[in-house]
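One structure is given below, encoded as structure tokens.
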Amino acid sequence: MTNAVETQGLSKHYKNVVALEGLSITVNPGEVYGLIGPNGAGKSTTLRIVTTLLQPTAGGVKVFGIDVLDKPEDVRKIISYLPEEAGSYKQLTGREYLNFMADFFDVDDSHRTEMVNRGIEIAGLDERIDDRTKEYSKGMRRRLLIARALMTLPKLAVLDEPASGLDVKHAYYVRGIIRDYVKKHGVTVLLSSHNMLEVEFLCDRVGLIDEGKLVDVGSPKDLTRKYNATNLEDVFIKVTEGELAKGTVRPERGTGGPANALGMKANTTQGSDGGPGTGEGSDG
Ligand SMILES: Nc1ncnc2c1ncn2[C@@H]1O[C@H](COP(=O)(O)OP(=O)(O)OP(=O)(O)O)[C@@H](O)[C@H]1O
Ligand SMILES: [Mg+2]
């Protein structure tokens, strides 16, 4: 069976920063795979390379057997990507925005209508779908963007912190949508998250990355057992504290003690990460 995503020895070096160092991960078709790791671990960098937006310094990636470096345009046809921070065209209503995005796809009228209706349903904004997006709250806008990413029925949806900035209620809604949608349409999802509740709820498997390297991989349950932990948050702390003990966690990656340094969020809200390139792929 062809892997949905396969990265091999992926490295990305910026001038003096090593963002990724020989990262190899495999995502199976139909699974929800979550990348977790502290701020600056290389999650968004990985997702940008997988989605053809960024060239690696070394290594390779295949998406459903298609080489991302050789045939980026073929990969783009079967994926969708929700960036960490993205905007919507403020003067458009939610419905107009989804219609506008649907225009980029080479589909006939009836499929296009189907696509937009699916997006409207996923967004779940009811009559507010006809308000201009500049009048939306952050959570409403994020729901619209998730709807945009999922309405096209991609083979692979790449979601960078899908519930970022959402309150408990909106985050719950979004997670439910992602889970139902995946089950119903057999879509493969590669996501990143700081929220361990979210990851335990959504992901079949998680890859723990730190300093651009894969530290461990497994189902939330298996990892919890392996590290004799009570939950995934506990696993995360144990694994990364091991790294701290080895002195491999750079202090500037955090904002305080270990809990902060790990970028852990105990609830569903998510602060701004201020990371570089976060506007990439932004659509307005
Ligand atoms: N355009 C860039 N120029 C220079 N350094 C960069 C650039 N993009 C990312 N980096 C660096 O690469 C490393 C990995 O960043 P990345 O955004 O992938 O982390 P992340 O795991 O997504 O973090 P977060 O949890 O904060 O979103 C960081 O040290 C970051 O500063
Ligand atoms: Mg990121």
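Compute and list, largest first, the equivalent-ellipsoid semi-axes of the range 1-120 from the alpha carbon gyration tensor, each √(5λ) rounded to a whole angstrom.
Values for the range 1-120, descending: 30, 18, 13 Å.
Quick check on the range 148-224: of the DSSP beta bridges with both residues there, what percent are antiparallel, nearest 5%?
50
Exceeding 25 Å between C-alpha atoms, which entries from my cross-link table qualify? They are K43/K238; K15/K43; K77/K169; K43/K71.
K77/K169
Please report the base-10 log of the normalised intensity I(q)/I(0) for the range 195-236, using a Debye sum with one equal scatterer per alpha carbon and no solvent, at each q in 0.19, 0.26, 0.31, 0.33 (1/Å).
With one equal scatterer per Cα and no solvent, log10 I(q)/I(0) is -0.49, -0.89, -1.17, -1.24.
Mind sorting H111, H170 by how few other Cβ atoms lie within 10 Å of their own Cβ, fewest first?
Taking fewest neighbouring Cβ atoms as first place, the list is H111, H170.
How far apart, in nanometres, would the label points at V17 and K138 be if each is projected 7 angstrom from Cα along the Cα-to-Cβ direction?
If labels sit at V17 and K138, their model points lie 2.1 nm apart.
In whole Å, how far is the Cα centre of the range 114-187 from that of the range 1-71?
Rounded to whole Å, the Cα centres lie 24 Å apart.
Please give me, ordered by residue number, the chymotrypsin sites (Phe, Trp or Tyr not before Pro) of the range 1-79 that lie in loop per DSSP and have at most 13 other Cβ atoms within 10 Å.
Passing both the DSSP loop test and the Cβ count: Y14.
Bear in mind these aren't lab numbers, they're just calculated from the coordinates by the rules spelled out. As the structure is a computational prediction, the values presented were derived from the model and not from experiment. As a convention, Cβ positions derive from the backbone with ideal geometry for all residues, glycine included, and neighbour counts pool all protein chains shown.
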